[in-house]
Number of protein chains: 4
Amino acid sequence: MAAPEAIAPLAKQLSTTMAAIHSRGWCEGTGGNFSCVLQREPLLLLMAPSGVHKGAVKPEDLILVDGAGRVQRGHGSASAETSLHLAFVEQTGAGAVLHTHSQAGTLLSQHYGPEQEGVGILELRDLEMLKGLEGVRTHACSVGLPVLANDQDMGRLRQRANPLIENAPHGLLIAGHGLYAWGKDLNQAQRHLEILEFLLEQHWRQLLLQSLVR
Amino acid sequence: MAAPEAIAPLAKQLSTTMAAIHSRGWCEGTGGNFSCVLQREPLLLLMAPSGVHKGAVKPEDLILVDGAGRVQRGHGSASAETSLHLAFVEQTGAGAVLHTHSQAGTLLSQHYGPEQEGVGILELRDLEMLKGLEGVRTHACSVGLPVLANDQDMGRLRQRANPLIENAPHGLLIAGHGLYAWGKDLNQAQRHLEILEFLLEQHWRQLLLQSLVR
Amino acid sequence: MAAPEAIAPLAKQLSTTMAAIHSRGWCEGTGGNFSCVLQREPLLLLMAPSGVHKGAVKPEDLILVDGAGRVQRGHGSASAETSLHLAFVEQTGAGAVLHTHSQAGTLLSQHYGPEQEGVGILELRDLEMLKGLEGVRTHACSVGLPVLANDQDMGRLRQRANPLIENAPHGLLIAGHGLYAWGKDLNQAQRHLEILEFLLEQHWRQLLLQSLVR
Amino acid sequence: MAAPEAIAPLAKQLSTTMAAIHSRGWCEGTGGNFSCVLQREPLLLLMAPSGVHKGAVKPEDLILVDGAGRVQRGHGSASAETSLHLAFVEQTGAGAVLHTHSQAGTLLSQHYGPEQEGVGILELRDLEMLKGLEGVRTHACSVGLPVLANDQDMGRLRQRANPLIENAPHGLLIAGHGLYAWGKDLNQAQRHLEILEFLLEQHWRQLLLQSLVR
């Protein structure tokens, strides 16, 4: 297993990133959860324990979780949503997964959520900021952010997410719940998170403006 | 009475919590008041004196108030709303009570406030963030936040609140006034406050979106 | 004239207050101006020089201005709006005057501004936060915030303000321009500013909600 | 070429300014870019390298770019939009150019953007804050902010911008993209940026209010 000295820099960066995300109001209460890949073979995630306030987690309070979702080091239990983190890491090769509960994310995930257990789509288009998503090279495009129905059964939720992950724009929404964003490392995951949260807030303002001013 | 060394850590935490709440715009001017249970037998609350700016109260400026609302130690007077703090502490076993005057809380407390002296209800439902309220285990539920008519007579206000406290979701609104949130200790009260304020802001955005975009 | 050692604590407090006001977005660019009474006989105001960014004024950069609006000490010129500061100080006995250009203040000052050179009124009512204005003892009241037409001629603007100052709720609006708030000292002026800005933001949200959701 | 000791103070100020702009949410992800003129003959710009997070660029990470857009010192590549920075610097004599992607700027740039490749105009009027733009001396005026169609071809975008720069109010919008603001030095550019961003946010609120409340 990774030596403590290999963990320290990443743990410090993850702790700082979580505090910054909380200060923006994107993980109120004990909402949100955040993970980084510490090693791939065998898989080990560094993440915050479940049920704590993400704005004040010290590097030494982070836990190590294996590919089956079991805590391998540290105090506390792993989030029930760990299996979703594992799905994104395994299917996309992501090195970090950030899950937020923002105002715009929550609102639009309900607005565009599927009626039953299908998938909704939130279409984002014609904005320069789309270029902040790795792989997008022009504003003149349309990106579909998938919206899954929420579920307290994590097995079902992961099954629902599986077929969508490959084509998702480094993120997806869960209805009435919030946003998952990922990237090849913590820096890129943070970039994708900021871009997607910006685009969600922008979309909500577009909806207001377009419905009012014609 | 509690020795000064027992007071210091709690006083420091309460002072820091109040500054954080002010920095979010939830207790402008001299608005809001905040208390923690220092001991139960006999009851002693640690709280900010009345009429001061809650963003800059030092730990040593906090006062001790007994179960009859009398100041037992420190300078300044107890808030007129101390009897409400005592009601929540006594009826729920709460260890901390946080009272805010946020934009969304003020707005929705008027929108859903009772016509006369009855009780209004603000219904919150189908959101993952509801699980941040102790005892809620699924998003697929509905939580009714009571809204009382405002009153400058604290005896009447407490009487109105009494029958609602037991079933309230760790919080209630007073019309045109703001939110009370409580928890078993200061950490939990802060969590409930952040969750309820998030849900109020979300509800106001839902009202706008639903009325505009059909 | 006041000795430098008498100036230092007030200068430090004013500098800190201005930085806090800028951090809230209430005096963008070089907008806003802020003054404190250093002595009454003869009158001397401590204030920021004109045309500087109010978020980064050091205590030693503040200037002293006399009752005729002339700079008595320090570098830079006095704001063109100094005569309004003097009007509030002289007519109300205020010890500090804070002038902001917030989003809600600018918006509502235009919405309720007078057609010609008369006076508009923005009515604030039934809110607990009104009690943050010195002299208000119950939420069950109505407070009329005067709105003057804007003018680049400060003599005319002061003449227009004069008859309104005595009954104004420790503040008034200038149309398309912003808010003036005052208090017996800097602490009270800051309290009145926070309360009035809260009430303005609240009023704008009320207008949206009431026009949309009936 | 400029000696390192001549670069240090400007590099420090630019780094601080970028961090402040990021903290306001005006350059999320790797959005935005920012430059200062270090010397005019021959022209050298100090700017952030492309594709980095603008909230955390250290002074020593800034690069030097010449009048042809080539990196002359430092690591990383120059932004694709460098040729626009050069256009503003060369045609207006500006000493600093700040380019942001704010919510209001993005939203209104789409709302007022041209149908094809023409130019849209966003009219700002009757606001005291207009006086924060160098050369404006009264609120009683109208200022037209040009809105260009967006383009990934920087040569075409610069050609489109060229005829508008001289009469633009120290700034212009690119549709679905964001705001460029400039000034004779970094302080003035920051002032113009804050003023224009304030006026954009204000305009969006005016549109909502006017469409709802008549």
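The values are calculated or read from the model by the stated rules, or taken from the named source; none is laboratory data. What you are looking at is a predicted structure, and each value in this text was computed from that prediction instead of being measured. Because the Cβ atoms are built from the backbone with ideal geometry, glycine has one as well, and the counts that use them run over all protein chains shown. The accessibility values were calculated without ligands, DNA or RNA, using every heavy atom of the protein model including side chains. Shrake-Rupley method; radii C 1.70, N 1.55, O 1.52, S 1.80 Å.
Of the conditions (1) over 17 Å from A:G113 (Cα atoms); (2) more than 14 Å from chain B (Cβ to nearest Cβ), A:V213 satisfies every one except a single condition; which number is it?
(2)
Filter the stretch A:49-84 down to residues that are closer than 18 Å to A:C27 by Cβ, of a type in the set (K, R) and open to solvent by 40 Å² or more (accessible area, probe 1.4 Å), then give me how many there are.
Count: 1.
I need every pair where a residue in the stretch B:53-69 that is free of Cβ contacts under 8 Å to residues at least 24 places away in the same chain and within 17 Å of B:A11 (Cβ to Cβ) has its Cβ under 6 Å from the Cβ of a residue that is in a loop (DSSP other than H, G, I, E, B) and among the small types (G, A, S), sequence separation at least 6 or different chains.
Close Cβ pairs satisfying both conditions: B:I63/B:G74; B:I63/B:G76.
In the stretch D:50-76, how many residues are part of a loop (DSSP other than H, G, I, E, B) and within 14 Å of chain A (Cβ to nearest Cβ)?
Result for the stretch D:50-76: 5.
Tally time: how many residues in the stretch B:134-187 are more than 13 Å from chain C (Cβ to nearest Cβ), of a type in the set (D, E) and more than 14 Å from B:V89 (Cα to Cα)?
Adding up the residues that qualify gives 1.
Could you identify the single residue in D:V147, D:V136, D:V143 that is without any contact (Cβ under 8 Å) to a residue 60 or more places away in the chain, closer than 30 Å to C:L207 by Cβ and touching an Asp or Glu at 6+ places or on another chain (Cβ under 9 Å)? Lay out the reasoning, then the answer.
On the way: D:V147 fails: touching an Asp or Glu at 6+ places or on another chain (Cβ under 9 Å); D:V136 fails: touching an Asp or Glu at 6+ places or on another chain (Cβ under 9 Å).
Every option except D:V143 fails the conditions.
Determine whether the stretch D:118-126 contains at least one residue that is touching a Cys at 6+ places or on another chain (Cβ under 9 Å), at the interface with another protein chain (Cβ under 10 Å from one of its Cβ atoms) and farther than 18 Å from A:R125 by Cα.
Among the residues of the stretch D:118-126, at least one is touching a Cys at 6+ places or on another chain (Cβ under 9 Å), at the interface with another protein chain (Cβ under 10 Å from one of its Cβ atoms) and farther than 18 Å from A:R125 by Cα, which makes the answer yes.
What do you reckon, is C:L208 within 14 Å of chain D (Cβ to nearest Cβ) and modelled with pLDDT under 95?
Yes, satisfied.
Does B:T30 count as buried (at least 18 other Cβ atoms within 10 Å of the Cβ) and at pLDDT below 95? Explain how you work it out, then say what you get.
Details: buried (at least 18 other Cβ atoms within 10 Å of the Cβ): yes; at pLDDT below 95: yes.
Yes, satisfied.
What do you reckon, is B:I21 more than 19 Å from the chain's Cα centre (by Cα) and open to solvent by less than 40 Å² (accessible area, probe 1.4 Å)?
Answer is no for this residue.
Need the failing condition index for C:A19 against (1) in a loop (DSSP other than H, G, I, E, B); (2) hydrophobic (A, V, I, L, M, F, W, C); (3) within 23 Å of D:L186 (Cβ to Cβ), just the number.
Tallying (1) in a loop (DSSP other than H, G, I, E, B); (2) hydrophobic (A, V, I, L, M, F, W, C); (3) within 23 Å of D:L186 (Cβ to Cβ), C:A19 fails exactly one: (1).
Could you tell me whether any residue of the stretch B:35-45 is open to solvent by less than 40 Å² (accessible area, probe 1.4 Å), at pLDDT below 95 and either out of contact with any Asp or Glu (no Cβ under 6 Å at 6 or more places or on another chain) or among the acidic types (D, E) (or both)?
No.
Can you tell me which residue in the stretch B:26-52 is nearest to C:N187 (Cα to Cα), limited to those that are touching a residue at least 40 places away in the same chain (Cβ under 8 Å) and out of contact with any His (no Cβ under 9 Å at 6 or more places or on another chain)?
That would be B:C36.
Would you confirm whether any residue within the stretch D:17-28 is farther than 24 Å from D:N162 by Cβ and away from every other protein chain (no Cβ under 14 Å)?
yes
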